[in-house]
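Read through the structure below, which is laid out as structure tokens, and then see the notes.
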Amino acid sequence: MAAEHASDVNNDGTCHSQFTLCNLFRHAVLLEHKIDYRYHSKLSIFTIKNADPVMRCVILPVIFLSFTAMAFAQPVISYTLSMSQPWTHYFEVQVNFDGLPANQAAFELSLPAWRTGRYLILDFAGSVQEFSASDKDGRSLRWEKNDKDTWRIEKGTSTRVSARYKVYANEFHLRTKGLNDEGAFLDGAAAFMYASEYRQIPVTLTVVPYGTWHVTTGLERMPGKANTFVSPSYDYLVDCPLFIGNQKDFEFEAEGKKHVLSILGEGKYDAPVVIEDLKKIIKVNKDFWGDLPYDRYVFMLHFSSQGGGGTEHINSTILGARPFALAQSGSYRGFLGLVSHEFFHTWNVKQIRPAGISPYDWSKENYTKELWVSEGTTSYYGRMLLLRAGYILPTEIIDQLPREIENERMRPGNRVQPVTESSFDAWIKYWKGNENSFNAESDYYDRGADVSLILDLEIRHRSGNRYSLDDVMRALYKRFPWNGSGYTVEDLRKLCEEFGGESFAQFFDDHVHGTKSLAWEKALSYAGLAVMTEPKGTPWLGTFTRDQDGRAVIRTIVAGSPAYVAGLNTNDEIIALDGYRVRSSDLTDRVTARAVGETVRITVMRDDRLREFQVTLTVHPVPSYRVKRVEKPLALQKQIFESWLGTKW
């Protein structure tokens, strides 16, 4: 039985679950398959016998809806999602609560302020309009808003509340809600309201597709009903996004589990090739973790001109790509990297959850210091598992190290903000990046991946290559189940010490809670790799520019750089250098042609005024790096190199 059903399967084949049940399809399913079930009212659990694992995963969601709600005095909750005019971008939503307490005069519904996978307040309630509420006889109920995303309904003694509203959905690129005449994508958090006291009881969702459209989702279908789905809880419902349209669904099996590749939108691709590559990524992840924590998984691929990006979900992922990205070798490998990252999330953040987001609080920010593990460690392993699957060569990993070292040491924000603070402040900083982010913030994706790489090599070295970060991650998975209280940075540190055999307090103080530069030279030497430096002899201005119709517009100014000291600003358009016109394409060449220590006159357009600045060029403060194997490695260095990169010395 998959972990996401929150059930335990005993050795004798008996299942136990603590989910509440309501009376719908018990006889239709259970009796048809000759499955014995028993309900134990004192324990508030039921048992199932005579069902193989596959049938259990089909039956459990139905059983959740099969006993009378009166036993628990909890309502039957059902959602209906319609889209009668998709070209208007409006979803029509109805949610019914049947069996509410008659003595509860008021009832509140809320819409999440954010969605999983993006730690940013998105205020989905801003897209809601035409809200109404009625009782069991269809009579209108009075309501008012308590706050930006909560509706308070005066229901009196009515035991039924039905709420209807529209949701404007035209933001496919955010992977939240999108609807047009070609199809729809929906993350349920952006559209489905909930009652906080009933979040953990079963719900049903009926989708009314437009025309001949169909639905693809990770939710379980209700037997005999093509467009009605069952979920053990609200949280599970909104963690199973929907494709609705004429998407092409390719079903396949991998590692004994059912999978679907669902493609919405027009693009060029070879489905059999993509599926074979997905199978390899699935296998290497199963080999890493030991199991697949689902019974069916959906890879949702949306082709659009905006393309790019992905979001993980409990048993699916939504991936974006440009129409021809999968037809070009370079961008296709980039796509596989995206798949590898998002699929690794199936364990790291969906099963292994930081304490700060376990459980989710949909109403506000969920603060956690562990996003550098959830995202950064996932970025590290997304690449390493591509290596193990054969998509990246060991030499490519080595060749990429110089750039990683340079990037980590060049970003001033890494010396200002620890990765734990970057994680905690994601809600107000990372996802709201500005012109000063590079100078004032670290990046819990990139910096987190770098810390994870160094941590991996430290564990391998300290344990005599008996253990690695792999073992730490698997231990997190086993010891901190998703429905528990979650893990903390301190839990991670203790596991590192357990497998590393000595204290990691200083490492965490320096690089996790602190901002000390990573000891690349030391860590890479554990694998027999030497880091060589070469000063950059060319002059440096210290700006990152963007091309704007051939013009060089400053995007970022590095703190402490010549441009920073001279007073240049972001969004300045560089017009000329020493009186001669500068274009985006030749700015770098024009600067590097000068001498270190030389002062140049830079003319910029700022706020529609010409300004001139005297800038003294300096040498780049971060040298160039090369990484190569040592000539005479020690035995342990060879062992670490070979086990880490999966190749002979």
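The values are calculated or read from the model by the stated rules, or taken from the named source; none is laboratory data. As the structure is a prediction and not an experimental result, all values here were calculated from the model. Counting neighbours? That spans all protein chains shown, and the Cβs are built from the backbone with ideal geometry, glycine included. Heads up: the accessible areas ignore ligands, DNA and RNA and are worked out on the full protein's heavy atoms, side chains in. Shrake-Rupley method; radii C 1.70, N 1.55, O 1.52, S 1.80 Å.
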| request: Name the long-range amide H neighbours of Asn571: under 5 Å, sequence gap of 5 or more, or other chain; modelled H, no Pro or chain starts. | output: Ile554, Arg555
| query | Tell me, what HN-Hα J-couplings in whole Hz come from the Karplus equation 6.51 cos²θ - 1.76 cosθ + 1.60 at θ = phi - 60° for each residue of the range 222-228, using x for Gly and Pro? | reply | 6, x, x, 10, 4, 10, 10
| query | Counting Lys and Arg as +1 and Asp and Glu as -1, each charge on the Cβ, what is the dipole of the range 472-531 about the Cα centre in debye, to the nearest 20? | reply | 240 debye
| remark: Given Cβ charges of +1 for Lys and Arg and -1 for Asp and Glu, the option among Val512, Ala530, Val489 whose Cα lies farthest towards the positive end of the dipole of the range 487-530 is Ala530
| request: Have a look at Ser437, Trp649, Val596 and report the one farthest towards the positive end of the charge dipole of the chain, computed about the Cα centre with Cβ charges (Lys/Arg +1, Asp/Glu -1). | output: Trp649
| field | Nearest 10 degrees, 0 to 90: helix 394-410 Cα axis against the chain principal axis | value | 80 degrees
| field | the range 577-628: trypsin sites (Lys or Arg not before Pro) in DSSP coil with no more than 15 other Cβ atoms inside 10 Å | value | Arg583
| task | Would you check the accessible area of Asp578, probe 1.4 Å, heavy atoms only, in square angstrom rounded to 10? | result | 40 Å²
| remark: Longest principal axis of the chain (C-alpha) makes with the long axis of helix 635-645 (C-alpha) an angle, in degrees to the nearest 10, of 60 degrees
| Check Val203: other-chain or 5+ apart residues with amide H under 5 Å from its amide H, H built from backbone geometry? | Ser231, Ser233
| In the range 575-649, which GluC sites (Glu not before Pro) fall in coil by DSSP and have 14 or fewer other Cβ atoms within 10 Å? | Glu598, Glu631
| field | Calculated from backbone phi, Karplus (6.51, -1.76, 1.60) coupling profile of the range 250-256 in Hz, x at Gly/Pro | value | 10, 8, 7, 10, 8, 6, x
| query | Got a number for carbon plus sulfur as a percent of the range 101-235's accessible area, 1.4 Å probe? | reply | 44 percent
| note | Taking Cα atoms, the helix 489-500 axis meets the longest principal axis of the chain at an angle in degrees (rounded to 10) of 70 degrees
| task | Give, as a single signed number, the net charge of other residues whose beta carbon lies under 15 Å from the beta carbon of Arg609, with Lys and Arg counted +1 and Asp and Glu -1. | result | -3
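Any idea what the dipole of the chain comes to, in debye rounded to 20, about its Cα centre with Lys/Arg Cβ at +1 and Asp/Glu Cβ at -1?
Dipole magnitude for the chain comes out near 360 debye.
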| request: Please sort by residue number the GluC sites (Glu not before Pro) in the range 400-450 whose DSSP state is loop and whose Cβ has at most 14 other Cβ atoms within 10 Å. | output: Glu435
| field | Net charge of neighbours whose Cβ lies under 10 Å from the Cβ of Gly448, counting Lys and Arg as +1 and Asp and Glu as -1 | value | -4
| query | Tell me, what is the percent relative contact order of the chain, built from C-alpha pairs under 8 Å that lie six or more residues apart? | reply | 9 percent
| What is the set of long-range amide H partners of Arg118 at a cut-off below 5 Å, with H atoms built 1.01 Å from backbone N? | none
| request: Tally up the carbon and sulfur contribution to the accessible surface of the range 246-384 as a whole percent, 1.4 Å probe, everything protein left in place. | output: 49 percent
| message | Probe radius 1.4 Å, ligands and nucleic acids ignored: give me the carbon and sulfur share of the accessible area of the range 514-621 as a rounded percent. | response | 48 percent
| Value at 222 nm in deg cm²/dmol, rounded to 500, when DSSP H runs of n ≥ 4 in the chain each add -39,500 (n - 2.57) | -7500 deg cm²/dmol
| Accessible area per residue, 1.4 Å probe, Å², for the chain: what's the number? | 42 Å²
| request: Treat every Asp and Glu Cβ in the range 339-415 as -1 and every Lys and Arg Cβ as +1, leave all other atoms uncharged, and give the resulting dipole magnitude about the Cα centre to the nearest 20 debye. | output: 140 debye
| task | Give the cross-link partners of Lys145 among the aspartates and glutamates, using a straight C-alpha distance below 16 Å as the criterion and excluding same-chain residues fewer than 8 apart. | result | Glu108, Asp123, Glu130, Glu154
| note | The answer for the net charge of residues other than Lys248 whose Cβ lies under 15 angstrom from its Cβ, with Lys and Arg +1 and Asp and Glu -1, is -4
| said: Which one, Ser584, His620, Met605, is farthest towards the positive end of the dipole of the range 543-649 when Lys and Arg carry +1 and Asp and Glu -1 on their Cβ? | reply: His620
